[in-house]
Amino acid sequence: MHFNNLGLRAELLRAIADQGYDTPTPIQAQAIPVVLAGRDLMAAAQTGTGKTAGFTLPILQLLSTRPAASRGKPRVLILTPTRELAAQVEQSVCTYGKHLPLKSAAIFGGVSMVPQLKALKGGVDILVATPGRLLDHLGQRNADLSGIEIFVLDEADRMLDMGFMPDIRKVIALIPKQKQSLLFSATFPEEIRALAAGLLRNPQTVEVAPRNATVDLITQAVYHVDKAKKRDLLQKLIEDHSWHQVLVFTRTKHGANALSEKLDKAGISSAAIHGNKSQGARTRALADFKSLKLNVLVATDIAARGLDIDQLPHVVNYELPNVPEDYVHRIGRTGRAGSSGEAISLVCVDEHALLRDIERLLKQPIEKRLMPGFEPDPSIRAEPIENGRNKGRQAPRGAVPGRQNKPRQRPPQSTKPARNGGGQGRGTSSRHSGAGHH
Ligand code: AMP
């Protein structure tokens, strides 16, 4: 299969060729014809599968070949859970749409609303937004969604996880009933199925090989090690193997900061990326990591979600995630687009139950390794994992009505109004804008 066979116009094929791609990924090969045909789509696909181009390309084609239903209003709305993903999706819109006269903007929290307002007032065809900030603009009548022809929900399960479902429902209520809707999600818990049932009309379902197929390309190993020795072991692994680009996951923002500082002091250049960092700091850290100025990027789950880093060679779970599915999301950051990668987990006695849950989800045991000098002390007893989040086993995402695991990245509930309460994608501080167009 070649991109030329998908019925895309020459301007898009040129942009694809500029990227050096000639073969569509499986999700692209399946999704593009469905979207071009005007059908609603429910796609089971994760980051790393090429899903962004899977919806961006046909959307650009549809917009550029048919007249706008209404003048001057956004025609496409793409909702994403995080700022990073919104910025990356909008970047894809620019990349693939560079030979077409369509305008786009990214609207997300944590940056000033003013440049976003300017972009909105200047007229935008494709709006990529996180729900909280979009609602802020809508509340101020800065945007009008009555001209939306195509609506995309990207990473719907992650939105659910982050507590965005009420906001999403509010947004959906503001867009026309008559529209094409595309829903992308890695998993389909009950709430997502219910949302899809209300939103999608006679949808075509598309599923790419489940993540486990990708997981096959990834070498996974577990080092059993005491909690107090994890940092030294990580340092040794990085130094012994001369790893130059390592994404390290911690469970908390505080843990990410502490680890990053210690690695930096030990001479391993490192930065932390999480929801409390300003957008500028995050963007800088990611750019430095991509350009190999930084050896290590320490991230929390939600901050790492949607990071577009090609062919990341090493992922380290400094701490196992509380939710087994997040393990799969994390290690999916390596071994992308067909390249192989390595995912290492440092597991202390407190985390044995989490490891068991992960292996059950993977339906296979993970190779265990020991590092001489770092063997665990058998006299150390397991303790509940801090934050009170992990006393006993956590239920998988979406399974528990009260969802203890919901606001993993949010600060404790503040007294601010909910929409400014500080989850990612809805910050209100005043750094510079993510609005952009082409
Ligand atoms: P996504 O799942 O949309 O985040 O895309 C994952 C990565 O795959 C991105 O870095 C894309 O640039 C890359 N990619 C997208 N489409 C293709 C393709 N057809 N061939 C090779 N790489 C691709």
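The values are calculated or read from the model by the stated rules, or taken from the named source; none is laboratory data. Note that this is a predicted model, so its numbers are computed, not measured. All Cβ positions, glycine included, derive from the backbone under ideal geometry; neighbour counts span all protein chains shown. Surface accessibility is based on the protein's heavy atoms, side chains included, excluding ligands, DNA and RNA. Shrake-Rupley method; radii C 1.70, N 1.55, O 1.52, S 1.80 Å.
Heavy atoms only, probe 1.4 Å: what % of the accessible area of the stretch 218-393 goes to carbon and sulfur, would you let me know?
The C+S portion of the solvent-accessible surface of the stretch 218-393 is 49 percent.
What trypsin sites (Lys or Arg not before Pro) does the stretch 87-156 have in DSSP loop regions with at most 11 other beta carbons within 10 Å?
Arg141
How far apart, in nm, are the 7 Å Cα→Cβ label points at Ala17 and Met1?
2.1
Suppose every K and R has +1 on its Cβ and every D and E has -1 on its Cβ; what is the size of the dipole of the stretch 218-393 about the Cα centre, in Debye to the nearest 20?
380
With θ set to phi - 60°, apply the Karplus curve 6.51 cos²θ - 1.76 cosθ + 1.60 along the stretch 198-208 and write out the HN-Hα couplings as whole Hz, x wherever there is a Gly or Pro.
Per-residue couplings from phi come out as x, 8, 8, 10, 6, x, 8, 9, 10, 9, 8 Hz.
Please list, by residue number, every one of the GluC sites (Glu not before Pro) in the stretch 11-109 that is coil in DSSP and has at most 14 other beta-carbon atoms within 10 Å.
none
Tell me which residues come under 5 Å, amide H to amide H, from Val246 once H is placed; ignore anything under 5 positions away on its chain.
Val296, Leu297
So who's got an amide H within less than 5 Å of the one on Thr187, skipping anything under 5 residues away but keeping other chains? H placed 1.01 Å off N, in plane.
Under 5 Å from the amide H of Thr187 lie the amide H atoms of Asp157, each far enough along the sequence or on another chain.
Assuming 0.36 nm per residue, please report the length gained on full extension of the stretch Thr252 to Ser269 beyond their Cα-Cα distance.
Extending this stretch completely gives an extra 4.1 nm.
Which whole-Hz couplings ³J(HN,Hα) result when phi for each residue of the stretch 120-137 is put into the Karplus expression 6.51 cos²θ - 1.76 cosθ + 1.60, θ = phi - 60°, listed in order with x for Gly and Pro?
So the J values, rounded to whole Hz, are 5, 5, x, x, 9, 7, 10, 10, 10, 8, 8, x, x, 5, 4, 5, 4, 5.
Which of Ala228, Leu153, Gln140 sits closest to the plus end of the dipole of the stretch 136-249, meaning its Cα is farthest towards the positive end, when Lys and Arg get +1 and Asp and Glu get -1 on the C-beta?
Farthest along the dipole direction, towards plus: Gln140.
Beyond 21 Å between alpha-carbons counts as too far, so tell me which of Lys290/Lys368; Lys262/Lys293; Lys103/Lys293; Lys265/Lys293 fall in that bin.
Violating the 21 Å limit, Cα to Cα: Lys290/Lys368; Lys103/Lys293.
Collect residues whose amide H, placed 1.01 Å from N in the peptide plane, falls under 5 Å from the amide H of Asn317; neighbours closer than 5 in sequence don't count.
Amide H neighbours of Asn317, under 5 Å, 5+ apart: Phe249, Ile344, Ser345, Leu346.
How big is the stretch 218-393 by Rg and Dmax over its Cα atoms, in Å?
Values for the stretch 218-393 (Cα only, Rg and Dmax): 15.2, 45 Å.
Whenever you get a sec, compute what percent of the accessible area on the stretch 3-207 sits on carbon and sulfur atoms (1.4 Å probe).
52
On full extension of the chain, what length is gained from Lys363 through Lys98, given 0.36 nm per residue of separation minus the C-alpha to C-alpha distance?
91.1 nm
Between the stretch 1-45 and the stretch 316-331, what's the alpha-carbon centroid distance in Å?
31
Using 0.36 nm per residue, how much length does the chain from Arg66 to Lys236 gain when fully extended, once their Cα-Cα distance is taken away?
Full extension of this stretch gives 55.4 nm more.
I'd like to check one number: the per residue accessible area of the stretch 1-137, probe 1.4 Å, reported in Å² as a whole number.
On a per-residue basis, 33 Å².
Leaving out ligands and nucleic acids, note down the accessible area per residue over the stretch 194-305 with a 1.4 angstrom probe, in whole Å².
Each residue of the stretch 194-305 exposes 42 Å² on average to a 1.4 Å probe.
Quick one: Karplus J couplings for the stretch 45-62, per residue in order, coefficients 6.51, -1.76, 1.60, θ = phi - 60°, nearest Hz, x for Gly and Pro?
Result, rounded to whole Hz: 7, 10, 4, x, 8, x, 5, 4, 5, x, 9, 5, 4, x, 5, 4, 4, 4.
Using the basic label-point model (7 angstrom from Cα toward the beta carbon), what is the Arg193 to Asp377 distance in nanometres?
4.8
Have a look at Gly123, Gln91, Gly109 and report the one farthest towards the positive end of the charge dipole of the stretch 75-136, computed about the Cα centre with Cβ charges (Lys/Arg +1, Asp/Glu -1).
Gly123
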